[in-house]
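The values are calculated or read from the model by the stated rules, or taken from the named source; none is laboratory data. This structure is a prediction, so every number in the text was calculated from the model and none was measured. Note that each Cβ is placed from the backbone with ideal geometry, even for glycine, and that neighbours are counted across all protein chains shown.
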Amino acid sequence: MHERRSQHDPCSQLTNILYIDETPGFGGSVTTLARLAMHVDRHSFRSHAIARSDIAGDYLRRCGGFENVWVDGVAEFPYNGKLGATLSTVACPLGKIGRTTAQATLTALNWLGPSRHFAARTTANLSEVAVDAVYLNNMPVNTCGAGQILARRWKAPLFCKLQGYDWSRRGAMFARQMDLIFAASNSVAEPLLRRGIPREKIIRVFEPVDVEQFNPDRVRPTGEFRENCGGDYGITFGIVGMLVDWKGQDVFLRAAARVLARHPNAVPVVVGDDPEFSGARVQQLRELAAQLGIGDRVIFTGHRDDVPQVMAELDVVVHASTDPEPFGTVIGEAMSMKKPVVAANAGGPPEFIEHGQNGLLHEPGNAEELARAICGLLGDRPTCAKLGERGRQTVVDRFSCEVHARTIFSHIEKACKKHASTTGRHHS
């Protein structure tokens with residue numbers, strides 16, 4: 001732990017940032033946070049993090065970008081939980097006024113209970129550090145109360161990285177208290193704008209991709225998936241990501257059945273596990289593949305830590321989310337590996353994929369249209385090469401880790417100075 005700064009402290013020019021991440025298991029928001037901390041200017045900033053799960057905490061420690069990482073969480077009363085349901089039942093006869101009152105009551109209970117207890121624990125853990133900024137990295141509605149308490153206690157600005165669409169009316173209320181909101185795409189920002197959040201508070205910052213880690217010149221294919229199928233198979237196509245319903249692995253399998261009918265030597269690959277690494281979702285998808293008659297043709301890898309290597313083994317990378325995707329980090333990673341991508345045309349992906357130029361887009365949930373797009377690429381290597389080259393250039397220019405970090409930290413630095421000038425707190 002680092003000593004509280006003083007005028008004689010050689011670290012007095014450093015800005016200490018506390019990041020709070022509420023990801024329940026492991027996902028893209030955790031890797032985004034790690035990449036941000038790993039590309040910070042260590043001469044200007046120090047990073048400290050709280051993760052909700054042991055899996056996320058271990059990952060953040062291993063990345064080496066943080067001074068301190070510990071596991072904790074805001075165990076708030078959820079609106080769909082028992083207490084929330086009880087309040088809703090009581091308030092239901094009162095209509096809109098009743099619902100508003102029930103939400104306000106639960107918010108107050110969270111503020112007075114779980115959020116305040118979490119803030120007290122956090123303050124104790126960071127008693128030797130002068131925190132200059134609080135940054136809520138994921139699921140900010142869960143942590144806004146605690147974040148506000150901490151920011152007021154430390155007279156520090158409050159930021160959040162919005163990577164999803166989980167802002168209810170309550171979330172919009174909290175959003176007004178933020179100094180800045182970093183949105184993963186315009187699609188993510190739009191609901192806040194509709195709720196009257198000032199546009200100047202919202203900064204679009206695409207998720208970061210490590211273009212050196214995801215570099216086809218450094219990671220070469222080994223033929224792993226072809227060898228697994230006896231070596232007789234041709235082009236591989238796959239989907240990479242957490243196995244949750246809305247990510248569309250079921251749509252991918254239905255499209256794969258159509259692709260295999262036309263390209264019997266192709267290899268469909270499903271990479272990932274559910275957030276808790278239980279294997280339950282993998283088993284469900286195996287059963288679906290068997291029902292589709294392709295159970296012996298699909299490779300299920302489970303969770304893989306070597307995602308760049310996995311990408312190197314795929315000839316076409318598919319994104320099939322059925323709900324709007326806030327950004328789609330795996331899409332950017334595939335593009336960085338010069339892989340042609342076929343992505344769902346909703347949410348963030350259409351903001352950086354130009355159909356036919358640096359990737360392809362398909363209607364979300366439409367397995368037939370997805371299969372046609374995949375088949376078109378499997379038989380057209382020049383187009384694959386063109387999309388791959390332009391895809392990587394898009395990533396390098398627009399959302400490399402360096403671009404991402406430079407954008408966020410420049411805004412944090414300006415906001416910290418502005419906040420200090422209005423609160424009277426010293427900020428170097």
Candidate set: the stretch 15-48, residues that are touching a residue at least 40 places away in the same chain (Cβ under 8 Å) and of a type in the set (K, R); chosen: the one surrounded by the fewest Cβ atoms within 10 Å (Cβ to Cβ) = R46
ask   = Restricting to strands (runs of 3 or more DSSP E) lying wholly in the stretch 297-415: which have 2 or more residues that are small (G, A, S) and crowded, with 21+ Cβ neighbours inside 10 Å?
value = 341-344
ask   = Quick check, is E351 in contact (Cβ under 8 Å) with a residue 40 or more places away in the chain, outside the structural domain of E190 (by TED's automatic domain parsing) and not basic (K, R)?
value = yes
key: Count - residues of the stretch 255-283 that are surrounded by fewer than 23 Cβ atoms within 10 Å (Cβ to Cβ), over 18 Å from the mean Cα position of the chain (by Cα) and either of a type outside the set (S, T, N, Q) or in a helix (DSSP H, G or I) (or both)   = 13
task = Six or more apart or on different chains, Cβ under 7 Å: which pairs go from a residue in the stretch 219-242 that's in the same structural domain as E313 (by TED's automatic domain parsing) and assigned to a loop (DSSP other than H, G, I, E, B) to one that's among the small types (G, A, S) and at pLDDT below 90? Could you list them?
result = M242/G27
task = Kindly list the number of the only condition in (1) outside the structural domain of L378 (by TED's automatic domain parsing); (2) acidic (D, E); (3) within 22 Å of I374 (Cα to Cα) that fails for D245.
result = (1)
task = Please enumerate the residues belonging to the stretch 220-238 that are modelled with pLDDT of 95 or more and among the hydrophobic types (A, V, I, L, M, F, W, C).
result = F237
note = Of the residues in the stretch 232-242, those that are surrounded by fewer than 24 Cβ atoms within 10 Å (Cβ to Cβ), closer than 14 Å to I374 by Cβ and in contact with an Asp or Glu (Cβ under 8 Å, 6 or more places away or on another chain) come to I235, T236
query = Just one of R170, R176, R194 is modelled with pLDDT under 90 and surrounded by 16 or more Cβ atoms within 10 Å (Cβ to Cβ); which is it?
reply = R170
